[in-house]
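Heads up, the thing below is written out as structure tokens.
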Amino acid sequence: MDYAKRTIGRHRKFFFMTRDEQSFELAKANFDCDVEAGPDTAFAIDMLKPFEADPLRALYVMQPFGEDDVDIAEARAIVDGPLTNWINGPDSLSRLRKSSVLKAAMRRGFSRSEMVAQHCEDVAARYVDYGVKMLSGAQRIITNRLHGHTLCLLLNKPHVAVARSGSRLHDFIGSWTGDTLLVEKATNASEILAAMSRLPYEMNGTWYKSSRPIDLRPGLPAPDLVPIPL
């Protein structure tokens, strides 16, 4: 923290963007720079189309160790479903490929820095595709990851965000995405089943919530979450 304070203070033109209220308050209190709040930049991806996949009643996209203190084994005993953490993808996702070198040469040049930039861009795109494939067949998703929540919104997937009260995941939802019907919050394993029962469901092409038809067309959940052309 002290190093960050000194570095930002010396910069004089540093601009700090935060994505939740806790981070915003911390930055305002500690750093000598302009601070603004905004949604996660992953929303710049825009809406995503799911892949064809075998249907799956529930899928856990969980980080095994984090601030949420959720007992994953207890949760899966209540609501059964496979467990994954999409950052643990195959090694092939992060390997340098010839296609990245060629794209860098055509778009940017043969310098090392340009090739690294192109490689990082391609790896990020592969991980998004990997995450979309993993989530596509699930009817309900339980996650304690912010990017799991974000990807569910971009795929129009009903999901439960499970984390302790006051966590950054729940803080982000309260700040930016709480108006969407696609997410319900739970603070521990015992609340997951009740939260799932409140999620919308699809029947014969129509979406329902609490037995009432609803409009759940794909779309970003708040006016502030506007995709930025890249």
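Tabulated results
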{"quantity": "Residue count for region 8-52, restricted to those that are in contact with a Cys (Cβ under 8 Å, 6 or more places away or on another chain) and aromatic (Phe, Trp, Tyr)", "calculated": "3"}
{"quantity": "Looking only at region 115-133, and only at residues there that are surrounded by fewer than 16 Cβ atoms within 10 Å (Cβ to Cβ) and small (Gly, Ala, Ser), the one that is nearest to Ala53 (Cα to Cα)", "calculated": "Ala125"}
{"quantity": "Ala58 vs. criteria touching a helix residue (DSSP H, G or I) at 6+ places or on another chain (Cβ under 8 Å) and not polar (S, T, N, Q)", "calculated": "yes"}
{"quantity": "Ala117 vs. criteria farther than 30 Å from Glu21 by Cβ, modelled with pLDDT under 85, small (Gly, Ala, Ser) and outside the structural domain of Val183 (by TED's automatic domain parsing)", "calculated": "no"}
{"quantity": "Enumeration of residues in region 19-42 that are modelled with pLDDT under 90 and among the β-branched types (Val, Ile, Thr)", "calculated": "Thr41"}
{"quantity": "Unmet criterion (only one of (1) closer than 26 Å to Gly166 by Cα; (2) touching a residue at least 24 places away in the same chain (Cβ under 8 Å)) for Met47", "calculated": "(1)"}
{"quantity": "Region 140-160 residues that are on the phi > 0 side of the Ramachandran plot, paired with ones that are part of a helix (DSSP H, G or I) (beta carbon under 7 Å, 6 or more apart)", "calculated": "none"}
{"quantity": "One residue from Ser136, Ser190, Ser165, Ser92 being of a type outside the set (Val, Ile, Thr), on the phi < 0 side of the Ramachandran plot, touching a residue at least 60 places away in the same chain (Cβ under 8 Å) and surrounded by fewer than 16 Cβ atoms within 10 Å (Cβ to Cβ)", "calculated": "Ser190"}
{"quantity": "Criterion violated by Ser99 - all others in (1) over 23 Å from Ser165 (Cα atoms); (2) surrounded by 13 or more Cβ atoms within 10 Å (Cβ to Cβ); (3) at pLDDT 85 or above satisfied", "calculated": "(2)"}
{"quantity": "Elements of type strands (runs of 3 or more DSSP E) in region 106-200, at least 3 residues being farther than 26 Å from Phe24 by Cα", "calculated": "138-143"}
{"quantity": "The lone exception for Arg112 - which of (1) among the basic types (Lys, Arg); (2) modelled with pLDDT under 85; (3) surrounded by 14 or more Cβ atoms within 10 Å (Cβ to Cβ) it fails", "calculated": "(3)"}
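The values are calculated or read from the model by the stated rules, or taken from the named source; none is laboratory data. Small disclaimer: the values here were computed from a predicted structure and weren't measured. Ideal geometry is used to build each Cβ from the backbone, glycine not excepted, and the neighbour counts take in all protein chains shown.
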